[in-house]
Amino acid sequence: MLSLSKKNPRSSAAFTLIEVALAATVLLFAIVSAFQLVVVGTRMLDFSRKQTIAAQIIHSEIDKVHTTDWTTVSGYPSSSSITINASLANVSSGFTCTRAVSSVKADGTLYKIVFTVTWTTKNWTGGVTRTYTRQGTTYVGKNGLSATYQRS
């Protein structure tokens with residue numbers, strides 16, 4: 001007697017519908033996560049770029065003060081909004097800069113000048129705006145003392 005064994009169709013090497021659905025779900029989560037990483041990375045690059053521009057504006061204004069004569073520096077108002085240097089105009093739209101001047105010594109021979117650069121960013125997903133600032137400080141003395149430091 002010869003017995004021929006037939007293959008059982010259920011034992012064939014194929015994926016079930018549940019396995020395919022589970023694999024598709026895992027793949028979907030991986031793709032969505034990758035898109036979120038791209039969005040977060042783009043935001044971080046934009047913020048870093050804007051911080052760099054703010055630092056350049058501050059350094060430009062501090063350099064301008066260091067090359068200004070004492071009569072002009074001592075005549076600065078205590079607080080004022082200033083026009084950003086024309087060489088930075090093409091990248092500095094949306095930035096504002098203010099200058100605050102205070103006398104450190106009672107005889108008016110040493111001034112502390114603080115530059116504050118402000119900018120706002122809009123969240124791409126929610127439309128929420130957030131304001132950021134960066135400050136730089138310099139000290140200017142009548143007899144030539146100039147010291148500078150910066151704070152985020």
Report the far tail of the P(r) of segment 16-151, meaning the percent of Cα-Cα pairs longer than 25 Å.
46 percent
Round to a whole angstrom and tell me the spacing of the C-alpha centers of segment 14-31 and segment 59-128.
57 Å
Expected unfolding gain across LEU37-LYS64 under the 0.36 nm per residue rule, minus the alpha-carbon gap, is 5.7 nm
Local electrostatic count, THR121, Cβ distance below 10 Å [Lys/Arg +1, Asp/Glu -1]
+3
Does a label point 7 Å from the Cα of THR83, set along Cα-to-beta-carbon, have any residues of segment 23-58 with amide nitrogen under 14 Å, and which are they?
none
Neighbour-count order for ASP46, ASP69, fewest beta carbons within 10 angstrom listed first:
ASP69, ASP46
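All of the numbers you see were taken from the coordinates with simple rules; none came from a lab. Since we're looking at a predicted model, the values are computed, not measured. Here the Cβ is made from the backbone with ideal geometry for all residues, glycine too, and neighbour counts use every protein chain on show.
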